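Just below is one structure, and these are the notes that go with it.
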Amino acid sequence: MDGKQDYDVLGFIYEYLISMFAANAGKKAGEFYTPHEVSVLMSEIVANHLKDREHIKIYDPTSGSGSLLINIGASMAQYIEGENKIDYYAQELKENTYNLTRMNLVMRGINPANINVRNGDTLEDDWPFFETDENKDETYSLVKVDAVVSNPPYSQKWDPKNKEFDPRFKEFGVAPKAKADYAFLLHELYHLEDDGIMTIVLPHGVLFRGGEEEKIRETLIERNHIEAIIGLPANIFFGTGIPTIIMVLKRIRADSDVLIIDASKKYEKVGKNNKLRARDIREIVDTLKARKSVTKFSKLVTKEEIRENEYNLNIPRYVDSSDDEEPWDIHSIMFGGIPNMEIEGLHKYWDAFPGLREEIFSALSANYSRVIVDDVESAVSNFVSVSDYIAKYHYIFRGFGEHLKDCLIEDILDVNAQSLKEDVCTDIFSRTSNIKLVDQYKAFQILSENWETITSDLEMIQGEGFDAIFQVDPNMVVKKMKEDEDEVTEVQEGWKGHILPFELVQEVFHCEQLSEIKSNENRLVEIDGYYTEILESLEEDELELQITNEDKNAFVGKEVKAYVVEALADVESPEINALKDYLKISSKKEKLAYIEERKVVDWNTMAANKDGTFGKPAVNARILQLQMDYEFPEESLEAKMKQVMLLMDEESDLKKKLKNQKVELENETIDKIKSLEEDEALYLLELKWIRPILSGLETLPADVISSLISEVKKLNTKYATTYSDIEVKKESAAGSLIQMIDGLSGSKDDLDGLAEFKKYMGVKNEKV
């Protein structure tokens, strides 16, 4: 392993530990950590703008852990060849956090000559700049950078006194004392090259707050500095639920409009926080690159429209991402039928599957239709245009697996995973561009999730050499030494492949042993299910017996056996009686003679002592075995406990067998990995890397069809019950109730009350 690889591994570990600490640090986390996904999004935006440059300078004036800078470096790796092509500038107010920045950059293997980190107050002390040791004030020279990224403290108090003369602010105005958000923004814009780009995380309030902030916002808009505004999901940052945005700015822009993106619904829930997915990041970046309006997601807003809104940039003013209200047709509610307008709302499916609408729906009138198939799922799945759609999808992906194999496997020691991912993504998007309804970003998510594994493996193979594939490592796990103690320790629990997963190797080369193990494991699950069934069938008084534990949720093996042995004590047979008589004999000579004489006993079923006799344990076990043939009444407690006892014996044997099977299979797997031929190793890598991508992509047409089936069923159910149906059911129920009332008898007062009740039900002047 070379030095660079060492640094990369340590850097990943370092960032992981920081993220885990941030996840549990509450509000303090925001002081030093920007969630990885937000950092990647900002970095991708920056990298796309700078991709044609050979050397760049990047700056974060509130650097925290330095993750934003590091991720820009990672994103630029697919575009910039060679090392030491990025200069890093970072400033952080808090000394401890400043040290995090330095440490994180160094641990990523960045050349110290390219690192410029300062512990200082960004708002009070302008930086970066060049100066000499002598006459610092006179030798100040502004440093401008190609990109600025930052996540400054939200709405922080600051001292704006005399800042109106500060060159950073004098052209735009000074942010209010209580909210320094625009002060950070203007500082960053001041240090940006004319052809540079900056991304800054800000609270949502900067889009619409009045006063000095409004004046600054107006000037930024009128001077065409604001490129885009991206509304982020709530609860995406550790320790705060404040709504946030990413603002993208440039000093010089060719356009005057502003792209507003509402990505507030683009996330997955992870614990207490929301998290941007790879597909969300890609969709945001693609939309920004294309500068396009997308319904309920983005809008390209003209400066004139912003002026009309008095420079208020609040996202809902321009992008309505709210869900459409569910339409309800009064005629359908009353008389049934599905409105044609709602069927037409599924037009994207009818365009993709010609003739399918006519196959499923039949007209009831000019404006209403009904479903004419009994099984919607079968009708859709088996329709010819749907089958053609699936066939077309598979056709366009012909050779894709081989293409991935050529790119990844054939050039394994030299392939650049980062740049190749973009090429593969472009290929997928190109192949699916003519297939209606396929979600390209879902395809990208599948690719991204699996590409993480590929990237990690390639780093190890390229850093450690091809022989890394043939290595096995101790499988270290953290365990409590005692259940009642908090202290944990790391212990080895078997082995694992350094690159190749054991189960994959077993699936290919030891499939029979693996199948047998899985079969035995499944049987253990079944046994556990039987225990549950029997427990649930027991009466309350039976549960109070000692056959169950204190919680009454499991059987006690020793007590179950004792109960069964006692229940079987009176069971007799010639062989059982003979074996009981044998136990009464004490003399060896008499025992041998007895064995010879008693042919009714199958002595071969027991293990004999060296002298030819049989020990008491063996004989008692045989007696119990014979007694177990006795059938108790099916639903009796005795029958149930007998079944439990048999299950426990089977379970015990299975567990012992499984343990030995797994040890044997593990040893065989270790030997196989170490002795793999090169072509075998490459084939396994192909299965690990490429097969999951292909399997994931194959599901996309099925997702489309499943979505259509769901929508049709929803429509059919929606208007299935009419108001008339409800009235008929009410009348029927009322009639049945009246018949019951008519059959009642009682006192005069009771009958008068029932008569009055019938009036309310529409029955007039009838005697009860």
Complete set of residues in the range 173-191 that are more than 17 Å from residue 221 (Cα to Cα) and surrounded by fewer than 22 Cβ atoms within 10 Å (Cβ to Cβ): 176, 177, 178, 179
Scan of the range 168-189 for residues that are in contact with an Asp or Glu (Cβ under 8 Å, 6 or more places away or on another chain), touching a residue at least 40 places away in the same chain (Cβ under 8 Å) and closer than 17 Å to residue 142 by Cα, ordered by number: 168, 187
Any hit, the range 235-258, residues being under 28 Å from the mean Cα position of the chain (by Cα), assigned by TED's automatic domain parsing to the domain that holds residue 190, closer than 19 Å to residue 44 by Cα and assigned to a loop (DSSP other than H, G, I, E, B): yes
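Does residue 717 satisfy being surrounded by fewer than 13 Cβ atoms within 10 Å (Cβ to Cβ), within 20 Å of residue 374 (Cα to Cα) and either at pLDDT below 90 or touching a strand residue (DSSP E or B) at 6+ places or on another chain (Cβ under 8 Å) (or both)? Lay out the reasoning, then the answer.
Numbers: surrounded by fewer than 13 Cβ atoms within 10 Å (Cβ to Cβ): yes; within 20 Å of residue 374 (Cα to Cα): yes; either at pLDDT below 90 or touching a strand residue (DSSP E or B) at 6+ places or on another chain (Cβ under 8 Å) (or both): no.
When the stated conditions are applied, residue 717 does not pass them.
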Residue 421, sole failed condition from (1) closer than 18 Å to residue 459 by Cα; (2) part of a loop (DSSP other than H, G, I, E, B): (2)
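Of everything in the range 610-638 that's outside any loop (DSSP other than H, G, I, E, B) and among the aliphatic types (A, V, I, L, M), which residue is surrounded by the fewest Cβ atoms within 10 Å (Cβ to Cβ)? Quick ask: steps written out before the conclusion?
From the range 610-638, those outside any loop (DSSP other than H, G, I, E, B) are 616-627, 637-638; that's our starting set.
If we keep only those that are among the aliphatic types (A, V, I, L, M) as well, we get 618-619, 621, 623-624, 626, 637.
On the way: 618: 16, 619: 17, 621: 14, 623: 23, 624: 16, 626: 19, 637: 19.
By that ranking, first place goes to 621.
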For residue 415: the one exception among (1) β-branched (Val, Ile, Thr); (2) surrounded by 14 or more Cβ atoms within 10 Å (Cβ to Cβ); (3) closer than 30 Å to residue 722 by Cβ: (3)
Matching residues in the range 303-348 - criterion: being in a helix (DSSP H, G or I), under 30 Å from residue 389 (Cα atoms), of a type outside the set (Val, Ile, Thr) and under 37 Å from the mean Cα position of the chain (by Cα): 341, 342, 344, 347, 348
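In the list 512, 559, 550, 526, which residue meets the criterion of being assigned to a helix (DSSP H, G or I) and more than 24 Å from residue 633 (Cα to Cα)? Spell out the reasoning first.
Working: 559 fails: more than 24 Å from residue 633 (Cα to Cα); 550 fails: assigned to a helix (DSSP H, G or I); 526 fails: more than 24 Å from residue 633 (Cα to Cα).
Only one candidate passes the filter, namely 512.
Looking only at the range 261-285, which residues are part of a strand (DSSP E or B) and either within 17 Å of residue 222 (Cβ to Cβ) or not β-branched (Val, Ile, Thr) (or both)? Can you show your working first?
Pass one, the range 261-285, residues part of a strand (DSSP E or B): 261-262, 268-270, 273-275.
Within the range 261-285, 262, 268, 269, 273, 274, 275 meet the criteria.
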The range 195-211 residues that are assigned to a helix (DSSP H, G or I), paired with ones that are not aromatic (Phe, Trp, Tyr) (beta carbon under 6 Å, 6 or more apart): 204/243; 204/245; 206/181; 207/313; 207/314
Residue satisfying all of: in the range 349-383; without any contact (Cβ under 8 Å) to a residue 12 or more places away in the chain and part of a helix (DSSP H, G or I); farthest from the chain's Cα centre (by Cα) among these: 358
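Taking residue 96, is it surrounded by fewer than 18 Cβ atoms within 10 Å (Cβ to Cβ) and free of Cβ contacts under 8 Å to residues at least 24 places away in the same chain? I'd like the intermediate steps shown before the answer.
Details: surrounded by fewer than 18 Cβ atoms within 10 Å (Cβ to Cβ): yes; free of Cβ contacts under 8 Å to residues at least 24 places away in the same chain: yes.
Spelling it out, residue 96 is indeed surrounded by fewer than 18 Cβ atoms within 10 Å (Cβ to Cβ) and free of Cβ contacts under 8 Å to residues at least 24 places away in the same chain.
The values are calculated or read from the model by the stated rules, or taken from the named source; none is laboratory data. What you are looking at is a predicted structure, and each value in this text was computed from that prediction instead of being measured. Glycine also receives a Cβ, built like all others from the backbone with ideal geometry; neighbour counts cover every protein chain displayed.
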